[in-house]
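For reference, the structure discussed in these notes is given below.
Read-outs: derived from the displayed coordinates by stated rules, not from any lab. Predicted model only: the values in this text are computed from it and were never measured. Using ideal geometry, Cβ is built from the backbone for each residue, glycine included, and neighbour counts are taken over all protein chains shown.
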Amino acid sequence: MQARALAPEEHFVEAEPYYEATGDEIAIFEAAYRNKLPVLLKGPTGCGKTRFMEYMAWRIRRPLITVSCHDDLTASDLVGRFLVKGGETVWVDGPLARSVRAGAICYLDEIVEARKDTMVVIHPLADDRRVLPMEKLGTLLEANQDFCLAISYNPGYQSVLKDLKQSTRQRFVALEFDYPAADLERKIVAKESGVGDALAEKLVKFAHMTRNLKGSGLEEGASTRLLVHAAKLIASGVEPVSACRSAIAQAITDDGEMLAAMRELSSSLF
Amino acid sequence: MADNGFQLSAEHIEQALEQWLEVEFTFLHVAELAASIAVLPRPDQDFLLGWVQRIATTNIQIANQFAHHAITGLAQLDHHVIGAWALHAMDTYDRAGLRPAIKAIKDLDNFVQLAHERVAGVLFEEVGGILLTFICGLSGRRLKLKEGETVHTDSETLFLPAVVARMQRADDNFALAKAMAAFLWAQTRFGTFRADLPAALAAYPEPERALRHFHALETLRLDACIGRELPGLFREMTRLRAELGEIQSLPKAWQRYSQELAVADATVFDSLRLLEDAYRGEAPSPVCYQGELRPDAVALVMSARKEREKILLRVKLAQLAQELRKQKPESPAGPPRFETRRAPEDQAGLERLELTLDDMPIAPPEEVRQLLTSIQLDLGEIPPEYLTPADPGEYDPGLYEAKHADPDDVWQGTYHEEGATFYPEWDFGRQHYRKNWCVMREKDVPPVYDEFVSDTLRKHSGLVKHLRRTFEALRDENRLLKREPSGDEVDIDALVEALADARDGSEMSDRLFMRTQRSERNIAVMFMVDMSGSTKGWINDAERESLILLCEALETLGDRYAIYGFSGITRKRCELYRIKRIDEAYDDEVKARISGIRPQEYTRMGFAVRHLTHLLNEVEARTKLLITLSDGKPDDYHDGYRGKYGIEDTRKALQEAQRGGIHPFCVTIDQEARDYLPHLYGAVNYTVVDEVRKLPLKITEIYRRLTLN
């Protein structure tokens with residue numbers, strides 16, 4: 001496929017993304033969307049939050065604008081800023097303002113990473129006012145009726161600094177995500193990568209082993225995404241033990257002893 | 001090599017040995033020994049004599065015995081293994097005294113079972129960490145891993161030998177150690193101990209023989225389990241057996257047992273049933289990784305655990321029920337009813353139970369989940385009486401909560417090591433750590449509510465004001481950076497200028513924005529205060545005054561800090577006195593504790609540095625400082641800590657701290673400190689305050705300079 005350049009608000013998800021529901025999250029999201037309620041997705045990394053958003057965007061046929069938050073992300077990065085062009089200052093909308101105008105889904109990934117001042121612009125959008133204050137323009141932007149706000153948050157980081165404030169979290173409908181149950185995860189790995197069921201099952205078993213290590217040297221166990229990566233490598237002819245090392249072990253830790261132990265675990269399985 | 005010109009001569013060796021083994025006093029005969037070392041090639045000579053010298057600093061008898069035995073050992077083992085054996089003997093000496101250590105030296109053959117030539121063994125010390133993580137990753141109960149004389153488990157701890165050296169190559173030996181650990185894990189995971197083994201085996205005329213046969217049957221069953229669960233590992237185990245020539249065809253009867261035990265739902269009871277028949281014939285020879293079965297040790301640990309876990313589970317369930325019912329006021333009346341259901345899917349092979357409360361599935365906390373797993377492993381299920389929440393007051397909390405013996409008892413005649421933490425100590429003569437050498441305890445300084453703090457503040461009132469001003473200037477601040485290429489705001493001044501420039505025809509600058517930059521002081525400091533007896537009098541006063549001023553300054557600054565005093569007498573009584581923990585507020589109690597600092601015993605330093613490093617490592621901060629306030633060299637009563645030993649141990653401990661990203665610094669009033677502090681802290685990381693009275697004035701200034709960014 002050729003690379004295409006698209007304006008963010010024109011980014012429609014065209015083909016149906018592969019998504020396996022683990023509960024009633026699809027129904028809840030749709031109901032929240034109909035009632036103009038913002039949504040909070042909780043869960044560890046790589047368990048399908050972003051995929052779920054893509055799937056929902058496809059289902060409700062709205063463009064999806066994703067912003068990955070980082071610790072230097074400020075309110076003006078979301079709302080917009082003046083730029084100087086040819087001697088004049090020009091206002092340029094940020095991704096949040098674009099979605100509010102165009103009625104897109106704005107998905108703020110890992111919201112706790114962003115600076116604290118970004119919360120201030122989210123709050124009026126996340127309750128029944130549904131407005132975006134644009135301080136620098138001195139205007140209030142009323143949200144398009146199709147606009148939807150979704151944020152994600154990983155409660156696994158046990159840092160006080162990275163906790164979501166009550167005043168923020170109590171505005172959202174929360175959907176909890178976790179790694180899928182073993183059977184479902186096997187199905188997902190097999191479907192996404194094209195490896196056989198037996199191999200997918202072993203990979204899932206390996207993931208459970210790494211999840212057993214959470215708290216004794218690992219911050220997080222292997223996510224479903226990493227399993228899919230490993231499975232894809234195996235499907236392209238890489239040895240399973242090497243695939244587990246490159247796609248999973250090296251991705252979750254740098255600790256030499258932990259890597260050695262994970263190598264032993266994977267070689268015990270395959 | 002024998003005619004190598006560089007070989008050491010017998011006379012030369014004899015002289016060295018006479019000196020190290022103190023022949024003048026010990027009357028050991030070294031001539032023969034020296035002659036037999038003289039014929040060895042030079043690298044072996046150097047290796048052997050190096051170790052003799054190192055061991056002699058610990059004990060001369062052990063060194064002598066080592067020298068005699070190592071000469072034969074050198075023919076069979078590589079240097080790596082011999083070194084481990086020497087350390088093992090010295091550890092034994094530290095732990096149990098001379099006789100067991102001499103025995104350990106003489107037991108070389110036991111130490112490395114069945115040595116080939118120049119074996120490359122793996123040491124427990126080196127692979128223990130990896131294997132423990134490996135075992136943690138497998139499903140089931142959280143197991144511990146320890147070094148032991150033989151390969152066995154008591155169902156909570158897996159014991160592996162100090163060295164595994166049956167195979168020729170190091171990686172094969174590692175594979176063997178892994179196989180041993182996994183096999184012991186399989187015993188706990190697949191229910192070998194679910195039956196009452198001591199009783200079952202005692203029913204046979206020869207219980208020993210019964211145990212041997214039972215072990216062989218269980219090995220067949222567990223091999224099949226591992227083969228299903230961890231096929232990769234099982235392949236490797238089979239390969240190891242093949243290399244050791246252990247794969248023989250089983251006798252006819254045993255082939256039948258093997259088939260019966262290989263089915264997926266075979267249990268330990270099947271093995272016991274087959275034992276009746278198998279007992280009559282001969283058991284196949286044991287395989288390399290099976291180790292020993294110790295039903296008695298297991299029974300002891302297991303009965304204690306069953307009782308404890310039953311109580312714990314019932315107490316935890318009662319707490320859980322209370323919490324859950326508080327959240328849902330509409331829950332049914334009557335006692336909470338817990339049940340377990342088989343979960344619809346299998347996870348990681350271990351049957352997963354779903355816990356329900358009043359028919360509603362609940363997600364139990366990790367602690368409860370682990371208890372359930374452990375009970376399920378012991379009993380195969382969760383008996384209903386385990387699921388009845390405990391009535392309040394039904395159990396004495398002493399039964400399930402860890403007991404704390406009073407740390408002060410050690411000073412009143414009843415020595416104990418309960419509640420203590422053990423730290424290693426560096427022995428420079430041995431060039432190795434003494435394991436678990438220091439018995440460390442944390443104690444609180446008894447607060448003394450008196451006038452000391454207010455007096456100090458009054459005495460230095462001018463200084464305190466000055467301190468507040470200078471330290472406030474160091475605080476976090478947001479700075480507005482102008483003329484930046486990117487930023488949140490347009491810099492109007494820059495823009496006007498740039499537009500004028502553009503009109504002028506010259507190049508327009510792109511630095512048109514303003515940006516606020518937060519400069520964060522993210523510092524955690526640990527103050528380690530000398531509370532040894534030598535600080536008695538005005539040094540102690542100066543220390544306490546300094547701490548008060550420091551606290552005032554640090555409170556202004558907002559840096560996180562902790563204060564601990566250290567002292568002790570001999571390795572058995574190393575004490576750290578809590579004055580202020582890192583998360584504790586600077587309140588009246590902390591002030592009273594500072595006031596209550598009194599000189600104690602000696603200046604053993606290594607353990608204090610190690611423990612405070614450990615505490616500091618748990619704090620999240622960009623910069624971590626460990627500042628020592630001291631009045632002299634490391635020193636202790638009796639066990640040779642004085643002099644070079646203490647200095648080298650402290651240096652090692654400080655190096656460990658530095659490796660963890662901690663910056664050590666020392667402020668001392670010892671005028672001779674320049675002789676040893678550069679060696680300990682490095683050339684610049686210390687300050688000598690020449691007048692005790694100036695310490696309070698100096699210390700805050702030193703701290704300010706140290707943390708200026």
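Structure notes:
- Values of log10 I(q)/I(0), in the order q = 0.05, 0.06 Å⁻¹, for the protein assembly as shown under a Debye, Cα-only, solvent-free model: -0.44, -0.64
- Between segment B:152-173 and segment B:585-632, the Cα center-to-center distance that results, in Å: 40
- Hull volume per residue, based on the alpha-carbon atoms of chain A and their convex hull, is 157 Å³.
- Per-residue 3J(HN,Hα) values for segment B:537-549, derived from phi via the Karplus relation 6.51 cos²θ - 1.76 cosθ + 1.60 with θ = phi - 60°, read x, 6, 5, 4, 4, 4, 4, 5, 4, 4, 5, 4, 5 Hz in sequence order (x marks Gly and Pro).
- With a simple spin-label model that places each label point 7 Å from the Cα along the Cα-to-Cβ direction, the separation between A:Glu30 and B:Lys572 comes to 7.5 nm.
- If R0 is taken as 56 Å, the Cβ-Cβ distance between B:Gln255 and B:Arg337 corresponds to a FRET efficiency of 0.65.
- Set B:Lys572/B:Lys652; A:Lys49/A:Lys116; A:Lys191/B:Lys178 screened for pairs whose C-alpha atoms are more than 26 Å apart: A:Lys191/B:Lys178
- For segment B:437-447, 3J(HN,Hα) computed residue by residue from phi via the Karplus equation (6.51, -1.76, 1.60; θ = phi - 60°) reads 7, 9, 9, 9, 10, 9, 10, 8, 6, x, x Hz, glycine and proline entered as x.
- Segment B:Phe422-B:Asn617, length gained on full extension (0.36 nm per residue, minus Cα span): 68.5 nm
- Spin-label pair B:Glu292/B:Arg169, simplified geometry with 7 Å Cα→Cβ offset, distance in nm: 3.2
- Prolate is the label for segment B:280-329, because the ratio a/c of its alpha-carbon gyration tensor axes (a ≥ b ≥ c) is 1.5 or higher and a/b is greater than b/c.
- Counting, for every residue in B:131-143, the Cβ atoms of other protein chains within 10 Å of its Cβ and taking the mean gives 6.
- Pairwise centroid distance, computed over Cα atoms, of segment B:656-709 with segment A:228-257, Å: 48
- Note on segment B:10-111: semi-axes of the ellipsoid equivalent to its C-alpha gyration tensor, largest first and rounded to whole Å, are 20, 17, 10.
- Note on B:Arg209 and B:Ile247: with the Förster distance fixed at 25 Å, the Cβ-Cβ geometry gives a FRET efficiency of about 0.55.
- Paramagnetic label zone (point 7 Å from Cα along Cα-to-C-beta, B:Ala202; backbone N under 15 Å) in segment B:275-298: B:295-298
- Peptide A:256-263 has a mean of 5 when you count, residue by residue, the C-beta atoms of other protein chains within 10 Å of its C-beta.
- Over the protein assembly as shown: helical MRE at 222 nm, DSSP H runs n ≥ 4 each giving -39500 (n - 2.57), nearest 500: -14000 deg cm²/dmol
- Model label sites at A:Ser246 and B:Glu282, defined 7 Å from Cα along the beta-carbon direction, differ in position by 5.2 nm.
- For segment A:182-269: Kirkwood Rh in Å [reciprocal of mean 1/r, alpha carbons]: 12.5
- If R0 is 30 Å, the Cβ-Cβ spacing of B:Thr470 and A:Ser167 corresponds to a FRET efficiency of close to 0.20.
- Inter-chain shielding of A:194-207 (mean C-beta neighbours from other protein chains, 10 Å cut-off): 1
- Under 5 Å, built H, 5+ apart or other chain: amide partners of B:Glu354: B:Arg341, B:Arg342, B:Ala343
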